[in-house]
Every structure is written in C-alpha cells, then in structure tokens.
Amino acid sequence: MKKSTKISLLVSLILVISGAVIIFISLLGVGFDMRKFSNMTFEKKVFDITDSFFDVHITEIYDDIEIYLSDDKNCKIICYDSDKIYHDCNVNNDEQLMIFCHDDRPWYEKIGFFYKEIEKIQIYLPKNSYKGLYAYSTNGDINVPKGFTFDGAHLSVVNGKINMDANAKQSFSAETTNGDIALNGELNGQIHALTTNGKITAKNIKNADWADFTTTNGNIELDGNVIKQFEAQSVNGSIKFGVVISDRIHMNTVNGSITGTVPANKSCMGKSTNGTVNIPNRAKDSGDFYFKTVNGNIDIKEK
C-alpha cells in the first residue's frame with residue numbers, strides 16, 4: 001500500500017473518531033435527551049367540533065392516539081402544534097370527522113434528532129356508537145377504550161402497540177410492524193391482526209365469519225366462541241387457544257408449541273418435525289383442523 005494511501009486512511013479514521021467523540025460529548029452535555037437538539041416549540045391546541053358525524057378518520061399522526069368518551073357530550077380534540085407540525089380537524093360533507101397532521105419539516109429534521117415534547121393526541125367523542133373508525137399513526141400507540149361500538153374499525157401503526165377494548169360489530173383489522181396487539185373488546189364478523197415483532201392476544205371474539213392472526217416474532221393467544229374460519233401463523237412463537245367452535249382451523253408455527261381445545265367429533269391433523277403430537281380424532285391425510293410446527297409440541301384436547 002502506498003504511503004499516501006495509508007496517510008489518507010489514517011486521516012479518515014481520525015476524523016471519524018473525532019466526530020464520534022464530539023457527538024458523545026454533545027449528548028452527555030444534554031443528559032442524552034435528544035429533544036434538546038430540536039429547535040421547535042409546541043403549543044397546546046384544542047379543536048371544538050360542533051357538527052355531527054358518524055365516522056372517525058385519524059390519519060398521518062406521528063404520536064400516540066388516545067380516544068376517550070366525552071364527559072359533556074361534546075367533541076374535543078387536544079393536540080400540540082408547532083409552525084412545522086400542525087393538525088387539521090373538521091367534519092366533511094360525508095359526516096366524517098377528519099383528523100390530519102401536516103408535517104412541513106425538511107427531510108433532515110425527520111431523521112431522528114428532532115423530537116416532540118408532547119407525543120399524544122387526545123380525542124373526546126360524544127357518542128358510544130359510530131359506523132367506522134380508521135386510525136393511522138407512524139410512531140405511537142393506539143388506544144381505544146371500552147364503552148364504544150363501531151360497525152367496523154381499522155387501526156394501523158408503524159412503530160407502536162395497538163389496544164382495542166371497544167366493540168366491532170362487522171369487521172376489525174389491526175396492523176403494526178413493531179408492537180403488540182391486544183384485542184379485549186367484543187369482535188364479530190371479519191377479523192384481521194398482523195404484527196412483525198409482537199404478540200397477539202384476543203379475549204372476546206363472539207361470532208366471526210373468519211379471523212386470521214399473523215406474527216413473525218411473538219406468541220398468539222386466543223379466547224373465542226364461534227370462528228367459522230380461523231388461521232393463525234407465527235414464526236417464532238407459540239399458539240394457544242381456548243374452546244373454539246369452528247368449521248375450519250389452520251395453525252402453523254416454526255419455533256413454538258400449539259395448545260388448545262376443540263369441539264368433539266372434529267377430525268384433526270397435526271405435524272411436528274421436532275416435537276410430540278397429541279391430538280384427538282387424528283386424520284391421515286386431511287382434517288377440519290390442521291396444526292403444524294417444526295420445533296415444538298402439539299397438544300390439542302377435546303371438549
């Protein structure tokens with residue numbers, strides 16, 4: 001290697017190390033509070049909605065979405081705005097409550113060094129029942145408490161948890177990349193839950209036409225009553241379910257066990273590459289209920 005090349009590499013290495021030291025000293029000076037690097041200030045803003053609406057649409061939110069039942073039967077949205085990040089809240093001609101966040105920051109302020117002091121939006125709804133709920137957040141949890149009933153609900157997060165304690169009469173879906181999904185409300189119709197890194201729990205499914213639950217890294221736990229068609233898949237996680245009245249069940253995991261209870265007189269088929277299989281009414285080639293795992297046990301009881 002030429003001497004000039006060695007000198008260039010050495011200088012580059014010194015500059016990299018110097019930059020890392022400067023960054024560390026800067027972070028140490030602010031107690032590793034990244035928000036102190038932001039030059040934005042946020043002020044509390046309250047939207048009072050007087051028009052009636054039947055649907056709720058919450059889109060392009062960057063914070064936690066928290067929904068409450070209003071004490072005074074009035075609709076109110078509390079958020080925190082700056083000159084670059086601000087919200088619009090209104091009721092459109094289709095009687096839909098629209099909540100939208102505008103982000104006018106340049107690209108370099110979106111790479112992780114600029115943080116909001118307040119990281120939630122609070123939505124107070126005046127009624128218990130609505131046709132639909134659509135909520136999307138980039139970085140934040142979504143919490144929908146009990147006391148509400150929606151015909152259909154769709155909740156989506158990039159990085160955050162989803163907690164659904166409200167009821168859905170006809171359809172429900174929840175999707176997140178990094179976070180758990182907890183479904184405690186009464187769910188009916190068509191049900192979908194998907195997460196990459198997180199567990200899925202559903203405790204109150206009453207009457208579903210079909211339901212599918214998928215996670216890459218996490219367990220799946222289900223307490224249900226009637227699910228006509230049910231699929232559950234996990235790569236790294238176990239699947240556990242209570243008594244489910246169903247016409248068809250298909251469960252598959254790579255690294256994890258499958259345990260649950262099925263009604264009597266249902267033909268079952270189970271396969272495990274490295275584990276034991278204990279199922280009732282074993283079918284040779286096919287079955288109403290199918291269970292498969294690579295590294296794990298299968299233990300299905302009959303009731």
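With 30 Å as the limit on Cα-Cα distance, the pairs of K199/K292; K45/K206; K76/K228; K73/K240; K161/K266; K76/K206 that go past it are K45/K206; K76/K228; K73/K240; K161/K266; K76/K206. Reducing the range 121-158 and the range 188-267 to their Cα centroids gives an inter-centroid distance of 23 Å. Rounded to the nearest 0.05, the FRET efficiency derived from the C-beta distance between E231 and I14 at R0 = 45 Å is 0.20. Amide H contacts of Y62 (H built 1.01 Å from N, in plane; Pro and chain starts excluded): T138 sit under 5 Å, all sequence-distant by 5 or more or on other chains. For the range 146-303, a crude dipole built from +1 on the beta carbon of Lys and Arg and -1 on the beta carbon of Asp and Glu, taken about the Cα centre, is about 340 debye to the nearest 20. Across the range 211-303 the C-alpha pair distances fall into 5 Å bins from zero in the proportions 4, 15, 29, 28, 18, 6, 0 percent.
Sequence-ordered 3J(HN,Hα) estimates for the range 91-106 from the Karplus curve with 6.51, -1.76 and 1.60 and θ = phi - 60° stand at 10, 8, 5, 8, 6, 10, 7, 10, 10, 9, 10, 9, 10, 9, 6, x Hz, glycine and proline given as x. When peptides 270-278, 207-215 are ranked by their average number of other Cβ atoms within 10 Å per residue, the highest-first order is 207-215, 270-278.
Every read-out reported here was derived from the displayed coordinates using simple, explicitly stated rules and does not represent laboratory data. As the structure is a prediction and not an experimental result, all values here were calculated from the model. In this analysis, Cβ positions are derived from the backbone assuming ideal geometry, glycine residues included, and neighbour counts consider all displayed protein chains.
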